[in-house]
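The values are calculated or read from the model by the stated rules, or taken from the named source; none is laboratory data. All figures in this text were calculated on a predicted structure; none of them were measured in a lab. Quick reminder, even Gly has a Cβ in these numbers, built from the backbone with ideal geometry, and neighbours come from all protein chains shown.
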Ligand code: PLP
């Protein structure tokens, strides 16, 4: 009996990030963890804040039937209210008199992966196109295609790695349903400036008007709080047809717990129908009732600031070390990734040489760009410092 060939193909091709991570684990077991410099996965190295543990301890005092019971499909009202109040406190000034969010605009999810899948399923019909900015998070393509749309790649500006609004204009067709942006950005660490976002919004509005279509901006924001001083503007205040996808995987260091949300801002012109389409997509996918204990954590912890000090220190050590060795990279303003130019055009070949030295970055091809590697610096400080001799040996091979 035939099985689903598309699902088979996604399973058989795997994610290169996860494959490298699995290799790193096996290699650590073989030669000792301290001898393998695994920069592959975006697993936060800053611990979750103490308040999360305190919240969990309080939850464990509840009667089990209450604690472990089903919640509403879109999440408990007090948890959604906590998120909405937090967003309102933080972004009301950018929205002027317009409302920022209410509990009913929020759908709690198992992290940004679910938020994005739900959003694409809520938006697209067969034959639609969704634009991604390359280099891009590789799973976008999987989620877009699975929802029935075609993933259209548009290169970022190759100097600044900001969105190239003119390149986006050239890629928009009557089939364009949405564009996904991610700032602070994985994998390059760019934070999109207000100027970039305004230019993009102007292009989207112009093309919508010229083509008589609606184009949605899907803003994927799991790194919003991980910045080194850069402003991260609130996109719904810039472009009204925005949907925000968020996760606490990075901001509260909870990637294994699977908690995040989709926000359909009240200012989105399609708001009422979209809220139902998001709920319907969640239902269709079986993405209902996000983990109840972590919904409760949100009630206590939505406003706890992210601890970025360790990432800032790592970023400093990594960029200083690689600069001394002559590597070229994109100066990161946010997230915890460094986008480094491979020392030969073939990033895979460069990666193989790095791997032979037990250095494990991720080659850029799966992000939709040749010639670079991504170094995830959400690791122990010692890993960065101790990896420098290997980076030096690698560079020496090209001198
Ligand atoms: N979007 C981006 C840009 C990411 O880097 C990640 C995870 O690393 C995700 C989405 C998925 O996040 P989550 O762990 O919340 O599903």
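Here residue 391 fulfils each of the conditions (1) modelled with pLDDT of 95 or more; (2) farther than 23 Å from residue 190 by Cβ; (3) over 20 Å from the mean Cα position of the chain (by Cα) apart from (2).
Checked against (1) over 26 Å from the mean Cα position of the chain (by Cα); (2) surrounded by 13 or more Cβ atoms within 10 Å (Cβ to Cβ); (3) in contact (Cβ under 8 Å) with a residue 40 or more places away in the chain; (4) under 30 Å from residue 288 (Cβ atoms), residue 68 passes all but a single condition, namely (2).
Of the residues that sit in region 136-152 and are within 14 Å of the ligand (Cβ to nearest atom) and not in a helix (DSSP H, G or I), which one is surrounded by the most Cβ atoms within 10 Å (Cβ to Cβ)? Walk me through how you get there before you give the answer.
Step one: of region 136-152, the residues within 14 Å of the ligand (Cβ to nearest atom) are 136-144.
Still in the running and not in a helix (DSSP H, G or I): 136-138.
Details: 136: 26, 137: 23, 138: 18.
Here the answer is 136.
Report the residue count in region 241-260 for those that are touching a strand residue (DSSP E or B) at 6+ places or on another chain (Cβ under 9 Å) and more than 10 Å from the ligand (Cβ to nearest atom). Count: 4.
Taken as a whole, the condition of being closer than 21 Å to residue 87 by Cβ and surrounded by fewer than 17 Cβ atoms within 10 Å (Cβ to Cβ) applies to residue 194. Of the residues that make up region 100-117, is at least one within 16 Å of the ligand (Cβ to nearest atom), touching a helix residue (DSSP H, G or I) at 6+ places or on another chain (Cβ under 8 Å), farther than 20 Å from residue 263 by Cβ and part of a helix (DSSP H, G or I)? Checking region 100-117: not a single residue is within 16 Å of the ligand (Cβ to nearest atom), touching a helix residue (DSSP H, G or I) at 6+ places or on another chain (Cβ under 8 Å), farther than 20 Å from residue 263 by Cβ and part of a helix (DSSP H, G or I). On the given criteria, is residue 24 touching a residue at least 12 places away in the same chain (Cβ under 8 Å), assigned by TED's automatic domain parsing to the domain that holds residue 368 and out of contact with any helix residue (DSSP H, G or I) (no Cβ under 6 Å at 6 or more places or on another chain)? The answer is yes for residue 24.
Looking across region 32-50, the residues that are part of a loop (DSSP other than H, G, I, E, B), away from the ligand (no atom under 16 Å from the Cβ) and closer than 30 Å to residue 298 by Cα come down to 47, 49.
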